[in-house]
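A.B. asks: What follows is a single structure, and I will ask about it in a moment.
Only the coordinates and a few stated rules stand behind these numbers; no lab work does. Since the model is a prediction, treat every value here as computed from it, not as a measurement. A quick note on method: Cβ atoms are made from the backbone with ideal geometry, for glycine too, and the neighbour counts reach across all protein chains shown.
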Ligand code: URA
């Protein structure tokens with residue numbers, strides 16, 4: 001018997017389960033059976049297990065860790081804790097992309113229409129800004145009228161009409177995660193690979209996906225800092241989702257600087273719409289490239305291209321022939337958004353106050369603390385520190401110099417758009433500390449590092 005497994009399989013199956021026993025078992029280093037984990041997920045969803053017991057179990061799981069079997073059982077139990085969306089009636093394979101979050105990460109607005117324009121359905125459930133990372137829903141809500149709270153029927157109608165829909169998590173999908181994630185946030189139990197994996201995948205799998213592309217960020221703005229942790233999490237998610245029947249691949253991508261030029265709400269959409277309209281601004285080259293690569297994988301996993309490379313070529317055509325723009329605009333319109341704001345996007349941008357941060361010395365942009373830059377964006381008014389706080393659609397930061405760029409003293413490094421003039425000082429101060437200018441150029445970091453598919457994931461996990 002494994003340590004802590006005082007309750008035998010037979011006894012557990014025969015006698016009623018009590019949460020206190022499951023807390024003790026995990027606390028002592030035992031491994032929970034699938035039916036025990038199902039009890040926890042069900043109890044979290046229907047409120048029958050009190051929050052203090054759930055929080056105690058989460059802390060035990062955080063400290064002791066979850067085995068791969070426990071992680072898989074928790075993922076499936078949380079997926080099954082509520083209603084599930086079925087993409088069967090759409091007549092296309094359903095594929096989504098999930099990012100572990102970053103600064104200026106706006107690829108959703110490109111990959112969803114790109115993949116949809118190439119024949120894949122993209123039922124995308126997204127989140128809100130919290131702390132140093134931005135939120136897709138907040139960015140979309142800067143379009144007047146855009147509804148992120150659709151019913152599942154409305155979601156399906158938009159998908160049938162446009163091929164893509166981006167909305168928020170509903171109360172009905174994976175309710176166990178809603179309860180457990182809120183508790184983890186309050187009890188310091190977020191950063192655990194098994195819990196993160198189950199939380200992210202339960203929501204994605206409840207959306208009825210055939211394929212999933214995971215964008216796992218690495219570098220100074222990443223959720224997990226150590227590269228080995230990122231690789232482990234990516235492998236765990238790929239292996240768990242594949243075992244649940246969803247074709248999945250993870251890409252480790254660079255977040256050692258903000259992605260593209262804009263970090264905020266409306267200004268990120270403007271950057272994407274420029275790209276969708278075929279413009280090729282140098283500063284947005286990384287957003288374009290990463291979006292094409294991610295969309296290529298989505299199109300491949302959705303069965304519309306023989307390889308990710310062939311999928312990328314199809315995505316590039318969809319960008320160039322305008323079909324992706326048409327999908328994006330149709331989706332915005334179908335979800336109530338006012339398309340006229342895209343006629344002259346700069347005119348719609350009305351920040352409360354603006355300041356330009358200039359280079360204080362000449363040299364190379366050597367290092368960016370992207371997490372700190374994310375906090376600067378949040379302090380401008382574009383993000384929130386506590387769930388539920390409002391955000392300013394017009395706030396954010398435009399970056400004018402990328403990592404490795406040679407700059408002269410007095411050259412603009414960034415433009416801050418804040419809600420009020422009083423809110424300019426803090427982001428300005430953070431920017432000055434977060435950007436390092438030095439005499440030597442830094443080593444270039446590839447935009448996409450490792451690609452982890454099923455076989456690589458299994459090898460990585462078995463070598464741990
Ligand atoms: N995002 C989620 O949805 N869950 C986690 O646990 C971490 C990030």
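A.B. asks: For the Cα atoms of the chain, what angle does the longest principal axis make with the long axis of helix 152-162, in degrees from 0 to 90, nearest 10?
C.D. replies: It is inclined by approximately 50 degrees.
A.B. asks: To continue, here is another question. Can you give me the pair-distance distribution of segment 296-416, C-alpha pairs, 10 Å bins, whole percents?
C.D. replies: Bins of 10 Å from zero give 11, 23, 26, 32, 8, 0 percent of pairs.
A.B. asks: For a footprinting-style exposure proxy, rank 62, 360 by other Cβ within 10 Å, fewest first.
C.D. replies: The order, fewest Cβ neighbours first, is 360, 62.
A.B. asks: With runs of 4+ DSSP H residues as the only contributors, calculate the mean residue ellipticity of the chain at 222 nm using -39,500 (n - 2.57) per run, divided by the residue total and rounded to the nearest 500.
C.D. replies: The helix contribution divided over the chain gives -13500 deg cm²/dmol.
A.B. asks: Here's another thing I want to ask about it. For segment 219-272, would you read off the P(r) tail past 16 Å as a percentage of all alpha carbon pairs?
C.D. replies: So the pairs more than 16 Å apart make up 57 percent of the total in segment 219-272.
A.B. asks: Still on this structure, please answer the following. Apply 1/(1 + (r/R0)^6) to the Cβ-Cβ distance of residue 429 and residue 353, taking R0 = 25 Å, and write down the FRET efficiency to the nearest 0.05.
C.D. replies: Between residue 429 and residue 353 the formula returns 0.95.
A.B. asks: I'd like the distance separating the alpha-carbon centroids of segment 250-313 and segment 112-163, in whole Å.
C.D. replies: Using only Cα atoms to place each centre, the spacing works out to 16 Å.
A.B. asks: Note the angle between two axes, namely the Cα long axis of helix 51-64 and the longest principal axis of the Cα atoms of the chain, as a number of degrees from 0 to 90, rounded to the nearest 10.
C.D. replies: Once rounded, one gets 80 degrees.
A.B. asks: In Å and from the alpha-carbon atoms only, list the Rg and Dmax of segment 257-357.
C.D. replies: Cα radius of gyration and Dmax of segment 257-357 are 15.3, 50 Å respectively.
A.B. asks: Another one. How large is the Kirkwood hydrodynamic radius of segment 21-154, in angstrom, based on all distinct alpha carbon pairs?
C.D. replies: In segment 21-154 this quantity evaluates to 17.9 Å.
A.B. asks: Arrange the peptides 346-353, 125-132 so that the one whose residues have, on average, the most other Cβ atoms within 10 Å appears first.
C.D. replies: 125-132, 346-353
A.B. asks: Still on this structure: Which three extents, in angstrom, do the Cα atoms of segment 9-65 have along their principal axes, listed largest first?
C.D. replies: 27, 26, 15
A.B. asks: Same structure, new question: How far, in degrees from 0 to 90, does helix 193-206 lean away from the longest principal axis of the Cα atoms of the chain, to the nearest 10?
C.D. replies: Value to nearest ten degrees: 80.
A.B. asks: I've got another one for you. Could you let me know the centre-to-centre spacing of segment 196-217 and segment 398-464, using Cα atoms, in angstrom?
C.D. replies: Cα centres, segment 196-217 to segment 398-464: 26 Å.
A.B. asks: Next question. Give me the Å³ per residue figure for the convex hull around the C-alpha atoms of the chain.
C.D. replies: About 142 Å³ per residue, rounded to a whole number.
A.B. asks: Relative contact order, percent, of segment 114-270 when contacts are C-alpha pairs under 8 Å separated by at least 6 residues?
C.D. replies: Relative contact order comes out at 22 percent.
A.B. asks: How large is the convex hull of the C-alpha atoms of segment 360-464 per residue, in Å³?
C.D. replies: 166
A.B. asks: What list do you get for 108, 51 if you sort them by fewest beta carbons within 10 Å?
C.D. replies: Arranged by neighbour count, lowest to highest, 108, 51 become 51, 108.
A.B. asks: Can I ask one more? Over the Cα atoms of segment 130-197, what radius of gyration and what Dmax do you get, in Å?
C.D. replies: Final numbers for Rg and Dmax: 14.8, 42 Å.
A.B. asks: Moving to a separate point now. Can you put 203, 217, 313 in order of Cβ neighbours within 10 angstrom, beginning with the fewest?
C.D. replies: 313, 203, 217
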